[in-house]
Each structure stands twice: as C-alpha cells, then as structure tokens.
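The values are calculated or read from the model by the stated rules, or taken from the named source; none is laboratory data. A quick note: this is a predicted structure, and the numbers were derived from the prediction, not measured. Counting neighbours? That spans all protein chains shown, and the Cβs are built from the backbone with ideal geometry, glycine included.
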Amino acid sequence: MVLKILNTLITVGVGVIAAVVLYWLLNKIAELLPGPWEDRIKPYLYILPAYAALVFYLVYPAVQTVVFSFANAQSTAWVGWDNYTQLLQSESFQDTLFNTLLWMIVVPVVVVALGLAMAVLADRLNPRWESTSKTIIFLPMAISAVGAGVVWGLVYNYRPEGREQIGLQNAIITALGFDPVAWLQVTEFHINSFFLMIMLMWAQVGFSMVLLSAAVKGVPEDTLEAARIDGANERDIFFRVVVPQIWGTVLTVYVTTLIGVMKIFDIVYVMTNGGFNTNVVGNEFFNQLFSNFNNGAAAAIVVMLMLATVPIMIYQVRNFRREESMA
Amino acid sequence: MTSTQTTMAAATPTEKTRRRSSREGQPQKAGWFARIVVLILCFLWIVPVVGLFLTSFRPRDDANSTGWWTLFWTPSAWSRLSFDNYVTAWNDAELGIAFVNTLAIALPATFIPILVAAFAAYAFTFMEFPGRNFLFLAVVSLLVVPNYIAFVPILRIYSDLELAGTFPAVWLAHIGFGMSLAIYILRNYMATLPKSLIESAKIDGASHFQTFFRLVLPMSVPALAAFAIFQFLWVWNDLLVALIFVGPGDNAPITVALRNNLMGQAGAGQHLVTAGGFISMILPIVVFLFMQRFFVRGLTAGAVKG
C-alpha cells in the first residue's frame, strides 16, 4: 500500500516533469528552424501533444468504432448492416431505446425546473441560509453513482409484508396502512425507471441551480424595477422579465443535462443492471461488450448514440461561434 | 457521476453576483412560501445521506432489523454505535486498497493533462496561425462526443499491448477524455487575460515559452484549479472507464470495489454497504466543500464533457 502511494506521487512528479521537458524540446525544435518558420511552426508544436491525445482517444476510435459496427462479434468478418438490423428488430432493444427516450424527456426538464426554482427562491433568503441551502442541494454532485446507489438503496429497500421495513419509502407507506412495494420492480408505466431518474435528478439539480442562480443574479436590477413601477406582479416579473433574460443559460443547462442523460450508465448498472425493463443504451452497450462479448453490437449501439448527439454538437458549435462574435 | 457538466452561456457570474449584492434587504424579501419550499427541498435532499451516515455506525443486527430513523427514539441503541463497520469494510472488503488505488488513478489523471492542455490553450489564445479557428471548433465539438466511442477500439489496443488492467491504461484514457474540456476551460479563461500585458512581454523580448511559464500560467491558476477539481471528482467517481479498462482485481478503484465486494454480495448487509459507501464519498465531499468556489467557477466557465 505504501508502495502504491509512493508510486503515485512519483508518477505525478515524473509525469509533470516529462511534460515540461517535452514542451522544452518542442520549443527548441521550433527555435532551430530558420527565420519565419519558427513562428509558423511553433503554434502547431504547442497544440500537438493535446491534439495527439484527442485524436488517439476520440477521433481515431470514432472511425474504428464505425468500422467495427459492420463486423461480427469478434471483429473478424464483415456482416454489413446485420448488427443494426438485429438490434433494432429485437424487442428488448426497442424497450431499451424507449427507456432512454423517457430519461431524455423527463430528467432534463425536471432538473432545469427544480434548479431554477431553487435558484430563485434561495436568492430571497438571507445570505447565510442561501449558501447553506445551496451547498446541501449541490452536495450530491460530489457523490458517485455507486455511492448514490448505496444512499438510495436505503430509500427503496423492500422487504416482504409482515417484516419490519428498513427502507424509508416502504416504512412510510406501511405506516400509512398500505402494503410494501418492491419499488425497483414495478414495471407498470415504467415507475421503476422513474425511481432511478430521481437519483440522477438528485445528483444534477445542484449543477442546474448553480448556473441558473448566477444567471438570475445577473439580471439587471433596473429592468425589475421598471416592471414593478409599471405595476407588474411578481409572477409576471418572473416569467416576462427574468426568464427571457436568462433563457440562454436555461438552454445551456438543458442541453448539458440532456447529453449526460443520453449517456447514463452507472445508476442503472448499479441499481438494476437493466432488469425489470429499466435498461438504457449505456447499460446495454456495456452488457453487449462484457457479457455477450459482442464487439459488433456494442459498436453499433455506440454509433447510434453518436448519431443522436450530432444535432447537439452542431447546436453547441453554432452557439459558441455566436458568442465569440458577440464578445 | 454522469459526466454532464457545465456551460457555455453564463460566462462570468462572479462579477455579476457582486453587482447585485446591494439588493439584499430590498423588495421581494423571503416570504414564507420561499422559505418553506427551500426547507422542504433541502430536507428531501439531505435525508437519504443522513440515513446512510447513521446506518454505517449501527451493528449488523440493528441495521438489518430496524430502520435508521428508529435511532431518534431509541436512545438505548446509541451505545451500540461504533466504527466496527468501517474497520471491516476497509480491511475485509478491501476498500482500503481500493481507496489507495483510486488515489493512484485520480492524481496523475488530474495533474498530467493540465500542462498539456494549458500549452494548447495558450496557442489558441495568444498565437495566430492558419487553421486556428477550425482546430478550436473541433475541440468544442469533441466536448459532446460520448466517450463510449473509445472503448471497443482502445480496449483492443490495450489488450495487444498488455496494458488492460494497469494504472497507465486508465491514466491515459482519462487524460484523453478530459483533454477537450481542459483546453476549453483554460482557453476561455486565458481569453479574459489582458492582451496588452502579453504584448508588452513580447516587446521586452520574452519568447512565447517564457511568457507562458512566467506570465500566463501563474495568472491562470483559478482556471487550472477549477479544471483540477472537476477532473478529480470525475475520475474519482467514475465507474464506466474503470470497469472497462481496469476491472475488478488488485488495481480496482473504490467504485468498482464497492459495487463488486459489497453491493453485489447479498450477504454483505446494509451496515457494511453504508460504511463502504461513506468511505468512497468522504474524500470527494471534503474536496468539494473546501473548493466549492473554484468548482462553481469551473462549472460556469466550462463546457460539456463527453
């Protein structure tokens, strides 16, 4: 154990020093170049290592994944579109897609709404209470999905009727006279998926609150004052004056949460591993890769996921360009 | 957790916050409605964590027979609370080793990419070269790319190189996956530094290399810290990358160990699972609470990580 700690510290030290030496060398190489070539080449040398990491870990694998998605489970022979057609025709994968869609519809909206409510309401408390309440809401961001699984395991815990319930939710409803419920196994109306979504909302609302709070505080006071003088009530002020001015941030939070939701894996993996019709795309990918050892199907799932993110990517790039031109 | 973070819009909230502080105590003060709603939300948010915390100190029989809330009206059970579960989880469930493994994964994966990203961000901010805009927009679009695309091809390469299951395998993966966000955060921050200062350094005969190390890097410390906290929390809490590139075994990080050695074992019992859960959370929570200000700045200046 001591050895591992020592190793870690040495790695950090060596890694950082190696990076410095690398850049010193790259810089020297540029300086050896004649005249104007030094300034022409230097920027590319500065971004080279970072770009190498991006190309090796994102760009090249993206291309390779597309290739694998047209090959068989061991990537030894071409199978054309078979991976795609088999997946899309299988009922279980259709359910998986539908569940993922449910997550995408429900979670981002709730996260934005609750985050905004928290941002606006906490803003009216005195500073000490504001910061305390915000820290409490924000805290779950620091907790891993596995940790959240432990936390919420104690909320959703189920024991058969007649035994004392140690799960909070069942303790409450049995105290009210109802029968205990195995929450994560209730497939009607995808209720169990909603209980998993609550875990993600619990983790994400803090993020939404922090960004929206910054935006709400940025709304110029005189616009609120003017509305008040015109006799607008608080509700009108919120929806007609505040919301339009923070709309950009609302969209940003929405899009960011949406991307996270599309990739959701760990909560589902830890709580149900996709059982009881709670499967999502991320979990299905993992199971295809590590339970079925099917590279082709796993790659096809990723390609579909990647295609689904393309519109968001275009939106982000356009958004960025617009902001840059305004700055 | 899910790596969803951050934004592009709310660029500099700190200054805006200061501007508005004069509003305190003015119109629309906290009504009962606001107070009650905030109180209820905070209560709902914190109660599950309290449950975990209290359960982790209860002996096996207590934890398995009654709910943690019964502690509030059965003082006789208080004397049975102890740290035994933590000792068992740390040693027998091997969370102690996993804790060190996680540090061994997270620290290099946090600190090594910073300099690499900072150099790229410097070039994108302060140097003129053909293709600059295109190359940076490529970084922006890579922010959204899900890291799932890397797993199948990289895993094959790692198997060929016999890297799978080792620390360098995860370090490099996290460095690659975190790079676009790092460049993005740092470049956005550097763009706010006064250009005149860099110009005058140039006139004084400083090379880019000197300007970077003596001027820009020290001035960018807030952004470097923001990214470092971000990346640290992300790597510490990561399950997917760890499962794929390390897996269970001697090098397993704490998320994997907690899932496989405790949660996945029917006989482990809530008393051990909660103690293990708390061990896995304590460090990120401490980092988070102490560095919250930097973290918020990172969130509001950053982007969307893939």
All positions within the range A:21-47 that are out of contact with any helix residue (DSSP H, G or I) (no Cβ under 7 Å at 6 or more places or on another chain) and assigned to a helix (DSSP H, G or I): A:21, A:24, A:25, A:28, A:32, A:36, A:37, A:39, A:40, A:44
- prompt: When the range A:289-300 is examined, which residues are found to be within 17 Å of residue B:247 (Cβ to Cβ) and at pLDDT 95 or above?
  reply: A:298
- prompt: Looking at the range A:182-194, which of its residues are closer than 16 Å to residue A:275 by Cβ and not charged (D, E, K, R)?
  reply: A:182, A:183, A:184, A:185, A:186, A:187, A:190, A:191, A:192, A:193, A:194
query: Is it true that residue B:159 is more than 7 Å from chain A (Cβ to nearest Cβ), surrounded by fewer than 23 Cβ atoms within 10 Å (Cβ to Cβ) and either in contact with a Cys (Cβ under 6 Å, 6 or more places away or on another chain) or not in a loop (DSSP other than H, G, I, E, B) (or both)?
result: yes
query: Taking the condition touching a residue at least 24 places away in the same chain (Cβ under 8 Å), small (Gly, Ala, Ser) and surrounded by 13 or more Cβ atoms within 10 Å (Cβ to Cβ), does residue A:215 pass?
result: yes
- prompt: Regarding residue A:93, is this residue in contact (Cβ under 8 Å) with a residue 24 or more places away in the chain, of a type in the set (Phe, Trp, Tyr) and within 11 Å of another protein chain (Cβ to nearest Cβ)?
  reply: no
- prompt: Taking helices (runs of 4 or more DSSP H) that fall entirely within the range A:234-327, which contain at least 2 residues that are buried (at least 19 other Cβ atoms within 10 Å of the Cβ) and out of contact with any helix residue (DSSP H, G or I) (no Cβ under 6 Å at 6 or more places or on another chain)?
  reply: A:243-262, A:281-290, A:295-326
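Yes or no, residue by residue, for (1) touching a residue at least 60 places away in the same chain (Cβ under 8 Å); (2) touching a helix residue (DSSP H, G or I) at 6+ places or on another chain (Cβ under 7 Å); (3) within 7 Å of chain A (Cβ to nearest Cβ):
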| residue | (1), (2), (3) |
| --- | --- |
| B:232 | yes, yes, no |
| B:239 | no, yes, yes |
| B:244 | yes, yes, no |
| B:248 | no, yes, no |
| B:252 | yes, yes, no |
| B:267 | no, no, no |
| B:278 | yes, yes, no |
| B:286 | no, no, no |
| B:295 | yes, yes, no |
field: Complete set of residues in the range B:162-199 that are without any contact (Cβ under 8 Å) to a residue 12 or more places away in the chain, in a helix (DSSP H, G or I) and over 26 Å from residue B:137 (Cβ atoms)
entry: B:168, B:196
- prompt: Just a yes or no: is a residue in the range A:70-79 aromatic (Phe, Trp, Tyr), more than 28 Å from residue A:246 (Cα to Cα) and more than 22 Å from the chain's Cα centre (by Cα)?
  reply: yes
- prompt: Out of (1) without any contact (Cβ under 8 Å) to a residue 12 or more places away in the chain; (2) under 25 Å from residue B:290 (Cα atoms); (3) among the small types (Gly, Ala, Ser), what's the single condition that is false for residue A:148?
  reply: (1)
